[in-house]
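Below is one structure, written out as structure tokens; comments come after it.
The values are calculated or read from the model by the stated rules, or taken from the named source; none is laboratory data. Predicted model only: the values in this text are computed from it and were never measured. We place every Cβ from the backbone using ideal geometry, glycine too, and count neighbours over all the protein chains shown. With ligands, DNA and RNA removed, areas are computed over all heavy atoms of the protein, side chains included. Shrake-Rupley method; radii C 1.70, N 1.55, O 1.52, S 1.80 Å.
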Amino acid sequence: MTEIKQKPVVLAVDDTPENLDVVKGILARDYTVKAAINGQMALKIVEKAPPDLILLDIMMPGLSGYEVCEQLKANPATRDIPVIFLTAMEQTTDEAKGFGLGAADYITKPVNPPILEARVKTHLALKQSMDELQAAFGIIKQQKDRMQEELNVGHTIQMSMLPQAFPAFPDRTEFDLHALLKPAREVGGDFYDFFLLDDDRICLVVGDVSGKGVPAALFMAVSQTMIKTAAKGDASPASIVTRVNDALSADNPTSMFVTLFLAILDFHSGCFSYCNAGHNPPYIVHADGGLICLNQRHGVVMGAMEGLAYGESEGKLQEGDALFMFTDGVTEAMDTEGQLYGEARLEQLLEGVDRSGAKPLTGAVLGSVERFAQGAEQSDDITILAYCARQSGEAGSRDSLDLTIDADLARIAEVLEKAQAFADQAKLPTGVGQKMGMILDELLNNSISYGFEDPSGHEIDIHIHADSSRLTLKVSDEGIPFNPFTLNRPDTSLSINEREIGGLGVMLVKEMTDKQGYERLSGHNVITLTIELNQNNQ
Amino acid sequence: MKIDISESGDVRVLAFEGNLDTSTSPEAETRINELIDGGASKLLINFTQLNFIASSGLRVLLATAKKLGPAGGTLGICGLNPTVQEVFDISGFGTILNVFETEDEALSAF
């Protein structure tokens, strides 16, 4: 651009010099008027220095005005220069031909000076607007390309939040798992996750955020992070989902939500508990091809409403069984005619699927969905997570016992009897069985005697699990929140007459176990104790 | 829970079998108190057949020792299995009660 504002250049083309003089006389005050007396000359001038506008006579010797216009419009460098036909011809068919060739306007001679001035001015203004629009479009396109670039980066970041290295736990012989996520757009709302909680348990998560694009991806990232954080130190899917739902709902101005399936699975015993918040029910694929749909639902989608209490259910995988989790991108995949893939097709596939490992399983399902879709545009993210139970443990040496009793001292004897039978059957060392009895007696006595304002109508859950390396006891009651392990240690150096007994039971429990845990989960006190089955406890 | 009571000279020997815990301690305390109320002042509790003892059982032993002491009586305990021994060690009861390995050893100490 030049600093000095120059007059716009108008090229007038006419084989009659008098006509050129007339035009010059009208426009010279506001425009630089160049003149050409035939078509060839006009094209040469345009090629050298394109004018801002061309006034073109039609009937000329040599190239006609139509031919000149045609050539100008065919050349990308000159096609945007507005052309106004200026001619004595009056038939409407000629006018139409002129517009058909891309002319901007059509003025008949004799020229009316104010009309010519006005038309030239209008078309120059239009041309300027067009130029500005094109410049703006260029900027927008550049911005759009940059956004696209950033979306691609977003996709990379989103995928990097999901564990993608497989085999994920090469040292674990107890199970095999595989997951895949095929996004419908660059960034989507689906996600999966899996992580070990300790040496026995793994947390499995599959979720689907409402909506697509960047908002869904951000909500997904927040949900996934919250779940992972909440799952540390919380063994209850119901409690995790309840807490994350509260956090998501509390600050959710966009009213997004997420469907979620979350399971915590003991990979030694195969026992798992799960919570389903509005998600597609997963399947257990048995080693023999039998299929169980885990259709228990424990509440609505997460993020919709604060203060909801979610429930949980339990299940068990045997060696060779698979837990198959997915999002609705699988069952709602459409073929070119808009037909859905559907549950029935999925179930049929799972019944005969390759169960040799988790990867063949996820691959078989994705392959089936893709073949069904036949290249139809993918309407939703597709996420699949498969967990295959390999070994349920060293035969005979692992087992578990679950009991639920009324909160009544008279029921303790029954628990101790069953625990003793369990210890015998699991071939636990005598000393370990004795300790287990003592510990259960202390915990239940404490809970029933001091844990409730009125114990009647309350229940206590007891879970005992033994594997080759440790015995785990878990006692859960819905009593007053209380962590017994925060009690002060009683003074055991006092003489008989100074002795009080309070707190002694808890101290014995603490001293005779290798690990003690207390959690307040879903309104329950949960005490978890571990005794290592090493030489010291034989 | 089974308590077998016999006499060895002026010592009453109580042989416990099973667990001394929340469910069984009240009965054990009743039986012991019956003996003390009946004039017995030397008690030997034999734990050879005892599976485990919980804090409620310790409470009975403590109450018994407190009852016998001022009256010039004696409480002896013998036959602790490793688990019971561990409870005695942790709680300090091994140092405040008279603990013996065998019944014979205990009886000769009365």
In whole Hz, what ³J(HN,Hα) sequence does the stretch A:79-88 give by Karplus (6.51, -1.76, 1.60; θ = phi - 60°), x for Gly and Pro?
5, 8, 6, x, 10, 10, 6, 10, 8, 7
Hey, can you grab everything whose amide H is under 5 Å from the amide H of A:Gly299? Only 5+ residues off in sequence or another chain; H modelled, so Pro and N-termini drop out.
A:Gly278
In whole Å, what are the Cα extents of the stretch B:2-109 along the three principal axes, biggest one first?
31, 28, 25
Accessible surface, per residue, of the protein assembly as shown when the full set of protein chains is kept, probe 1.4 Å, Å²:
47 Å²
Residue by residue through A:438-445, how many Cβ atoms from other chains fall within 10 Å of the Cβ on average?
6
Mean separation of Cα contacts under 8 Å, 6 or more apart, over the residue count of the stretch A:1-59: relative contact order %:
47 percent
Am I reading the B/A interface right? What is its buried accessible area, both sides, 1.4 Å probe, to the nearest 100 Å²?
2100 Å²
A:Ser255 and A:Glu414 label points (each 7 Å along its Cα→Cβ direction) are spaced in nm at 5.1 nm
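Please sort by residue number the GluC sites (Glu not before Pro) in the stretch A:31-98 whose DSSP state is loop and whose Cβ has at most 12 other Cβ atoms within 10 Å.
Answer by residue number: A:Glu90.
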Assign one of three labels to the stretch A:160-278, namely rounded, prolate or oblate, based on the Cα gyration tensor with a ≥ b ≥ c the square roots of its eigenvalues; rounded applies when a/c is under 1.5, prolate when it is not and a/b is larger than b/c, and oblate otherwise.
oblate
Sorted by chain and then number, the residues having a modelled amide H within less than 5 Å of the amide H of A:Ser379, at least 5 places away or on another chain, are A:Met334
Excluding residues on the same chain fewer than 8 positions from A:Lys48, give the lysines whose Cα lies under 29 Å from its Cα.
A:Lys5, A:Lys7, A:Lys24, A:Lys34, A:Lys73, A:Lys97, A:Lys109, A:Lys121, A:Lys127
Other protein chain Cβ atoms within 10 Å, averaged over every residue that makes up B:91-97
5
How far, in degrees from 0 to 90, does helix A:358-373 lean away from the longest principal axis of the Cα atoms of chain A, to the nearest 10?
40 degrees
Below 8 Å between Cα atoms, with a sequence gap of 6+, how large is the relative contact order for chain A in percent?
9 percent
Mind checking A:246-252 for the average number of partner chain beta-carbons within 10 Å of each residue's beta-carbon?
0
If contacts are Cα pairs under 8 angstrom and at least 6 residues apart, what is the relative contact order of the stretch B:2-109 in percent?
26 percent
Rg to Rh ratio, chain A, alpha-carbon atoms and Kirkwood radius?
1.34
Number of Lys pairs in the stretch A:399-538 with C-alpha atoms less than 18 angstrom apart, excluding same-chain neighbours closer than eight positions?
9
³J(HN,Hα) across the stretch A:449-464 via Karplus (A = 6.51, B = -1.76, C = 1.60, θ = phi - 60°), whole Hz, x for Gly/Pro?
6, 10, x, 10, 5, 9, x, 5, x, 9, 10, 10, 9, 10, 10, 10
Using modelled backbone amide H atoms (1.01 Å from N, in-plane), which distant-in-sequence or interchain residues come within less than 5 Å of A:Cys271's amide H?
A:Asp266, A:Leu317
Which ³J(HN,Hα) values in Hz, rounded to whole numbers, follow from the phi angles of the stretch A:467-484 under the Karplus curve 6.51 cos²θ - 1.76 cosθ + 1.60, where θ = phi - 60° and Gly and Pro get x?
10, 5, 10, 7, 10, 10, 10, 10, 10, 10, 10, 9, x, 4, x, 7, 9, x
Write out the trypsin sites (Lys or Arg not before Pro) in the stretch A:207-312 meeting two conditions: DSSP loop, and at most 11 other Cβ atoms within 10 Å of their Cβ.
A:Lys232
In degrees, nearest 10, the alpha-carbon axis of helix A:39-48 is tilted away from the dominant principal axis of the alpha carbons of chain A by 50 degrees
GNM on chain B, Cα springs under 10 Å; top mean-square fluctuation among B:Thr48, B:Thr30, B:Thr64 goes to B:Thr30
